[in-house]
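I have placed the structure first, in the form of C-alpha coordinates, so that the comments after it can refer back to it.
The values are calculated or read from the model by the stated rules, or taken from the named source; none is laboratory data. It should be emphasised that the depicted structure is a prediction, and the values quoted were computed from it without experimental measurement. With ideal geometry, Cβ positions are generated from the backbone for all residues, glycine too; neighbour counts draw on all protein chains shown. SASA here: full protein model, heavy atoms, side chains in, ligands and nucleic acids out. Shrake-Rupley method; radii C 1.70, N 1.55, O 1.52, S 1.80 Å.
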Amino acid sequence: MSQLAETWFAFDQTHRPARLWRMRNASADGTVHIAHSLDEAREIAQDASLVTHAASDGLALTLPAATADLRLAPKDGVLRLAAMAQTKPHAWLSAACVRIKGFLELNKDWDGVLCLPGFDTTYWVLISANEVVSVLGFVTSPVVEALSPVALDTEIDRDALVAPLQDVMSKPEALALRLAESRSQWQNTALNDARAHSQIWGAALGAELAAARAYWLGQNIALIAPSALTAPYKAALASQYVPFTEADEAQMTLKGFASAYAAYTQSS
(Lines give C-alpha, C1' and ligand atoms only; values in the text may rest on other atoms or scores of the structure.)
Protein backbone atom coordinates (compact mmCIF):
# COMPACT_ATOMS: atom_id res chain seq x y z
CA MET A 1 0.00 0.00 0.00
CA SER A 2 1.39 3.39 -0.94
CA GLN A 3 1.81 6.16 1.58
CA LEU A 4 -0.93 8.17 -0.13
CA ALA A 5 -3.46 5.39 0.49
CA GLU A 6 -2.91 5.56 4.24
CA THR A 7 -5.30 7.45 6.47
CA TRP A 8 -4.24 11.01 7.14
CA PHE A 9 -5.89 14.13 8.56
CA ALA A 10 -6.44 17.67 7.26
CA PHE A 11 -6.89 20.42 9.86
CA ASP A 12 -8.31 23.90 9.25
CA GLN A 13 -8.18 25.79 12.54
CA THR A 14 -9.22 29.12 10.96
CA HIS A 15 -12.78 27.98 10.27
CA ARG A 16 -15.59 28.32 12.83
CA PRO A 17 -15.81 25.72 14.12
CA ALA A 18 -12.35 24.34 13.41
CA ARG A 19 -12.49 21.33 11.10
CA LEU A 20 -10.43 18.14 11.19
CA TRP A 21 -11.18 15.78 8.30
CA ARG A 22 -10.09 12.15 8.17
CA MET A 23 -8.73 11.57 4.67
CA ARG A 24 -8.09 8.49 2.58
CA ASN A 25 -6.94 8.18 -1.03
CA ALA A 26 -6.84 11.97 -1.40
CA SER A 27 -10.51 12.33 -0.39
CA ALA A 28 -12.38 12.98 2.83
CA ASP A 29 -14.04 9.80 4.12
CA GLY A 30 -16.94 11.72 5.65
CA THR A 31 -15.58 11.89 9.18
CA VAL A 32 -15.22 15.42 10.60
CA HIS A 33 -13.86 15.74 14.14
CA ILE A 34 -14.15 18.61 16.59
CA ALA A 35 -10.64 19.86 17.36
CA HIS A 36 -10.26 23.33 18.81
CA SER A 37 -6.49 23.39 18.75
CA LEU A 38 -3.53 21.83 16.99
CA ASP A 39 -2.79 19.79 20.12
CA GLU A 40 -6.30 18.30 20.02
CA ALA A 41 -5.88 17.55 16.32
CA ARG A 42 -2.59 15.76 17.08
CA GLU A 43 -4.31 13.60 19.71
CA ILE A 44 -7.02 12.54 17.27
CA ALA A 45 -4.60 11.93 14.39
CA GLN A 46 -2.25 9.92 16.64
CA ASP A 47 0.39 8.36 14.36
CA ALA A 48 -1.25 9.37 11.08
CA SER A 49 0.04 12.31 9.05
CA LEU A 50 -1.52 15.63 10.04
CA VAL A 51 -1.66 18.35 7.37
CA THR A 52 -2.46 21.98 8.09
CA HIS A 53 -1.67 25.49 6.92
CA ALA A 54 1.44 27.53 7.59
CA ALA A 55 2.39 28.92 10.97
CA SER A 56 2.99 32.67 11.31
CA ASP A 57 6.74 32.01 11.34
CA GLY A 58 6.70 29.41 8.58
CA LEU A 59 7.93 29.23 5.01
CA ALA A 60 6.41 31.90 2.75
CA LEU A 61 6.64 32.47 -0.99
CA THR A 62 7.03 36.10 -2.02
CA LEU A 63 4.42 37.32 -4.49
CA PRO A 64 4.05 36.94 -7.38
CA ALA A 65 4.33 33.18 -6.97
CA ALA A 66 3.01 30.06 -8.68
CA THR A 67 0.50 27.97 -6.77
CA ALA A 68 2.38 24.86 -7.94
CA ASP A 69 5.18 25.98 -5.60
CA LEU A 70 2.89 25.78 -2.56
CA ARG A 71 4.28 22.63 -1.01
CA LEU A 72 4.11 20.84 2.30
CA ALA A 73 7.04 20.83 4.71
CA PRO A 74 7.31 19.16 8.14
CA LYS A 75 7.31 21.52 11.13
CA ASP A 76 6.64 20.72 14.79
CA GLY A 77 5.47 17.22 13.96
CA VAL A 78 2.90 18.23 11.32
CA LEU A 79 2.97 18.92 7.59
CA ARG A 80 2.35 22.58 6.82
CA LEU A 81 1.53 24.16 3.49
CA ALA A 82 3.73 27.12 2.59
CA ALA A 83 2.28 30.61 3.02
CA MET A 84 2.42 33.54 0.62
CA ALA A 85 3.71 36.97 1.58
CA GLN A 86 3.38 40.42 0.05
CA THR A 87 5.40 43.44 1.12
CA LYS A 88 3.15 46.34 0.11
CA PRO A 89 0.41 46.41 1.15
CA HIS A 90 1.65 43.88 3.65
CA ALA A 91 -0.20 40.57 3.57
CA TRP A 92 0.42 37.06 4.85
CA LEU A 93 -1.77 34.35 3.32
CA SER A 94 -1.85 31.10 5.23
CA ALA A 95 -5.18 29.25 5.29
CA ALA A 96 -6.22 31.18 2.17
CA CYS A 97 -3.41 29.45 0.27
CA VAL A 98 -5.11 26.09 0.76
CA ARG A 99 -8.32 27.34 -0.85
CA ILE A 100 -6.48 29.12 -3.67
CA LYS A 101 -4.55 25.95 -4.45
CA GLY A 102 -7.70 23.85 -4.37
CA PHE A 103 -9.61 26.21 -6.66
CA LEU A 104 -6.84 26.32 -9.25
CA GLU A 105 -6.43 22.54 -9.15
CA LEU A 106 -10.10 22.26 -10.09
CA ASN A 107 -10.09 25.20 -12.52
CA LYS A 108 -6.94 24.90 -14.61
CA ASP A 109 -5.62 28.06 -16.30
CA TRP A 110 -8.30 30.23 -14.66
CA ASP A 111 -7.53 33.96 -14.70
CA GLY A 112 -9.34 36.54 -12.63
CA VAL A 113 -9.85 37.54 -9.01
CA LEU A 114 -10.71 35.30 -6.07
CA CYS A 115 -12.71 36.84 -3.23
CA LEU A 116 -11.92 34.85 -0.08
CA PRO A 117 -13.94 36.09 2.92
CA GLY A 118 -12.50 34.94 6.21
CA PHE A 119 -13.34 35.25 9.90
CA ASP A 120 -10.00 36.98 10.42
CA THR A 121 -9.19 38.56 7.04
CA THR A 122 -10.88 38.75 3.65
CA TYR A 123 -8.50 38.55 0.68
CA TRP A 124 -9.00 39.71 -2.88
CA VAL A 125 -6.48 37.70 -4.90
CA LEU A 126 -5.43 38.48 -8.47
CA ILE A 127 -4.68 35.28 -10.42
CA SER A 128 -2.92 35.14 -13.80
CA ALA A 129 -1.20 32.22 -15.54
CA ASN A 130 -1.58 30.03 -12.41
CA GLU A 131 0.26 32.61 -10.32
CA VAL A 132 -0.92 34.70 -7.42
CA VAL A 133 0.06 38.14 -8.67
CA SER A 134 -1.08 40.40 -5.81
CA VAL A 135 -3.56 40.58 -2.95
CA LEU A 136 -5.55 43.03 -0.85
CA GLY A 137 -6.56 42.12 2.70
CA PHE A 138 -9.47 43.53 4.76
CA VAL A 139 -10.54 42.98 8.37
CA THR A 140 -14.20 43.42 7.48
CA SER A 141 -15.57 40.41 9.38
CA PRO A 142 -13.86 41.33 12.67
CA VAL A 143 -15.22 44.88 12.37
CA VAL A 144 -18.75 43.59 11.86
CA GLU A 145 -18.37 41.07 14.67
CA ALA A 146 -17.16 43.78 17.06
CA LEU A 147 -19.96 46.20 16.25
CA SER A 148 -22.98 44.04 15.41
CA PRO A 149 -25.46 43.11 18.14
CA VAL A 150 -25.88 39.59 16.73
CA ALA A 151 -23.80 36.70 15.40
CA LEU A 152 -22.01 36.85 12.05
CA ASP A 153 -24.20 34.14 10.51
CA THR A 154 -27.47 35.98 11.22
CA GLU A 155 -29.79 36.11 8.21
CA ILE A 156 -29.09 39.07 5.92
CA ASP A 157 -31.73 41.63 4.96
CA ARG A 158 -30.51 42.59 1.47
CA ASP A 159 -32.41 45.90 1.35
CA ALA A 160 -31.00 46.97 4.71
CA LEU A 161 -27.47 46.04 3.58
CA VAL A 162 -27.48 47.81 0.22
CA ALA A 163 -28.36 51.37 1.28
CA PRO A 164 -25.39 51.94 3.64
CA LEU A 165 -23.13 50.04 1.23
CA GLN A 166 -23.96 52.46 -1.57
CA ASP A 167 -23.56 55.44 0.74
CA VAL A 168 -20.12 54.41 2.00
CA MET A 169 -18.92 53.43 -1.48
CA SER A 170 -19.66 56.95 -2.72
CA LYS A 171 -18.46 58.62 0.49
CA PRO A 172 -15.92 56.40 2.30
CA GLU A 173 -15.46 59.10 4.93
CA ALA A 174 -19.03 58.32 6.06
CA LEU A 175 -18.13 54.82 7.29
CA ALA A 176 -17.89 55.60 11.01
CA LEU A 177 -20.98 57.81 10.78
CA ARG A 178 -23.10 55.06 9.21
CA LEU A 179 -21.86 52.49 11.72
CA ALA A 180 -22.68 54.80 14.65
CA GLU A 181 -26.12 55.54 13.21
CA SER A 182 -27.01 51.85 12.90
CA ARG A 183 -25.84 51.09 16.43
CA SER A 184 -27.77 54.05 17.81
CA GLN A 185 -30.98 53.04 16.01
CA TRP A 186 -30.64 49.49 17.29
CA GLN A 187 -30.02 50.64 20.88
CA ASN A 188 -33.17 52.77 20.69
CA THR A 189 -35.21 49.90 19.15
CA ALA A 190 -35.64 51.70 15.83
CA LEU A 191 -33.95 48.71 14.15
CA ASN A 192 -34.37 45.02 14.89
CA ASP A 193 -31.33 42.75 15.21
CA ALA A 194 -31.36 41.52 11.60
CA ARG A 195 -31.65 44.98 10.02
CA ALA A 196 -29.01 46.47 12.30
CA HIS A 197 -26.69 43.57 11.53
CA SER A 198 -27.28 43.97 7.79
CA GLN A 199 -26.71 47.73 7.88
CA ILE A 200 -23.40 47.26 9.70
CA TRP A 201 -22.36 44.65 7.13
CA GLY A 202 -23.37 47.02 4.36
CA ALA A 203 -21.32 49.94 5.67
CA ALA A 204 -18.26 47.76 6.25
CA LEU A 205 -18.53 46.13 2.82
CA GLY A 206 -19.03 49.51 1.18
CA ALA A 207 -15.59 50.52 2.45
CA GLU A 208 -14.10 47.20 1.34
CA LEU A 209 -15.57 47.33 -2.17
CA ALA A 210 -14.51 50.95 -2.60
CA ALA A 211 -10.91 50.09 -1.69
CA ALA A 212 -10.90 46.89 -3.78
CA ARG A 213 -12.61 48.41 -6.84
CA ALA A 214 -9.64 47.74 -9.13
CA TYR A 215 -9.81 44.05 -8.15
CA TRP A 216 -13.47 43.44 -8.99
CA LEU A 217 -14.47 46.00 -11.60
CA GLY A 218 -14.56 44.27 -14.99
CA GLN A 219 -12.82 41.17 -13.64
CA ASN A 220 -13.66 37.48 -13.74
CA ILE A 221 -14.69 36.89 -10.09
CA ALA A 222 -14.97 33.73 -8.01
CA LEU A 223 -16.35 33.87 -4.47
CA ILE A 224 -15.05 31.26 -2.00
CA ALA A 225 -16.67 31.93 1.36
CA PRO A 226 -17.57 29.89 4.45
CA SER A 227 -21.33 29.57 4.81
CA ALA A 228 -21.52 32.11 7.65
CA LEU A 229 -20.02 34.82 5.43
CA THR A 230 -21.53 33.96 2.06
CA ALA A 231 -24.79 35.94 2.17
CA PRO A 232 -23.38 39.45 2.82
CA TYR A 233 -20.72 39.10 0.11
CA LYS A 234 -23.22 37.77 -2.41
CA ALA A 235 -25.58 40.67 -1.64
CA ALA A 236 -22.73 43.20 -1.90
CA LEU A 237 -21.50 41.90 -5.27
CA ALA A 238 -25.03 41.63 -6.64
CA SER A 239 -25.72 45.24 -5.63
CA GLN A 240 -22.90 46.33 -7.95
CA TYR A 241 -24.13 44.01 -10.74
CA VAL A 242 -20.85 42.10 -10.54
CA PRO A 243 -21.14 38.64 -12.14
CA PHE A 244 -19.35 35.99 -10.09
CA THR A 245 -18.95 32.25 -9.75
CA GLU A 246 -19.55 30.74 -6.32
CA ALA A 247 -17.22 27.90 -5.31
CA ASP A 248 -17.77 25.59 -2.34
CA GLU A 249 -15.30 26.66 0.35
CA ALA A 250 -15.03 23.27 2.05
CA GLN A 251 -14.45 21.51 -1.27
CA MET A 252 -11.71 24.00 -2.22
CA THR A 253 -10.06 23.51 1.17
CA LEU A 254 -10.09 19.72 0.90
CA LYS A 255 -8.80 19.78 -2.66
CA GLY A 256 -5.98 22.11 -1.69
CA PHE A 257 -4.87 19.88 1.18
CA ALA A 258 -5.26 16.70 -0.88
CA SER A 259 -3.26 17.94 -3.87
CA ALA A 260 -0.48 19.20 -1.62
CA TYR A 261 -0.36 15.90 0.26
CA ALA A 262 -0.30 13.88 -2.95
CA ALA A 263 2.65 15.94 -4.25
CA TYR A 264 4.47 15.52 -0.94
CA THR A 265 4.10 11.74 -0.86
CA GLN A 266 5.22 11.42 -4.47
CA SER A 267 8.38 13.37 -3.73
CA SER A 268 9.15 11.60 -0.45
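Listed conditions (1) of a type in the set (Ser, Thr, Tyr); (2) in a loop (DSSP other than H, G, I, E, B); (3) buried (at least 16 other Cβ atoms within 10 Å of the Cβ) are all met by SER182, apart from (2). Can you find a residue that is outside any strand (DSSP E or B), of a type outside the set (S, T, N, Q), open to solvent by 20 Å² or more (accessible area, probe 1.4 Å) and touching a helix residue (DSSP H, G or I) at 6+ places or on another chain (Cβ under 6 Å) anywhere in segment 2-10? Yes, because at least one residue in segment 2-10 is outside any strand (DSSP E or B), of a type outside the set (S, T, N, Q), open to solvent by 20 Å² or more (accessible area, probe 1.4 Å) and touching a helix residue (DSSP H, G or I) at 6+ places or on another chain (Cβ under 6 Å).
Checked against (1) free of Cβ contacts under 8 Å to residues at least 60 places away in the same chain; (2) more than 29 Å from SER198 (Cα to Cα); (3) of a type in the set (Val, Ile, Thr), VAL132 passes all but condition (1).
Within segment 21-57, being closer than 12 Å to PHE11 by Cα, in a loop (DSSP other than H, G, I, E, B) and of a type in the set (Ser, Thr, Tyr) holds for one residue alone: SER37.
On the basis of being within 15 Å of the chain's Cα centre (by Cα), at pLDDT 95 or above, over 17 Å from ALA210 (Cβ atoms) and surrounded by 17 or more Cβ atoms within 10 Å (Cβ to Cβ), does LEU116 make the cut? Answer is yes for this residue. Just one residue in the set LEU179, LEU152, LEU191 is under 19 Å from TYR233 (Cα atoms), out of contact with any Asp or Glu (no Cβ under 9 Å at 6 or more places or on another chain) and not aromatic (Phe, Trp, Tyr); that residue is LEU179. Scanning segment 87-113 for residues that are out of contact with any helix residue (DSSP H, G or I) (no Cβ under 6 Å at 6 or more places or on another chain), open to solvent by less than 20 Å² (accessible area, probe 1.4 Å) and without any contact (Cβ under 8 Å) to a residue 60 or more places away in the chain yields a total of 3.
Can you tell me which residue in segment 211-258 is farthest from LEU116 (Cα to Cα), limited to those that are basic (Lys, Arg) and touching a residue at least 12 places away in the same chain (Cβ under 8 Å)? The selected residue is LYS255.
Among the conditions (1) touching a Ser or Thr at 6+ places or on another chain (Cβ under 7 Å); (2) within 16 Å of TYR123 (Cα to Cα), THR87 misses just one, which is (1).
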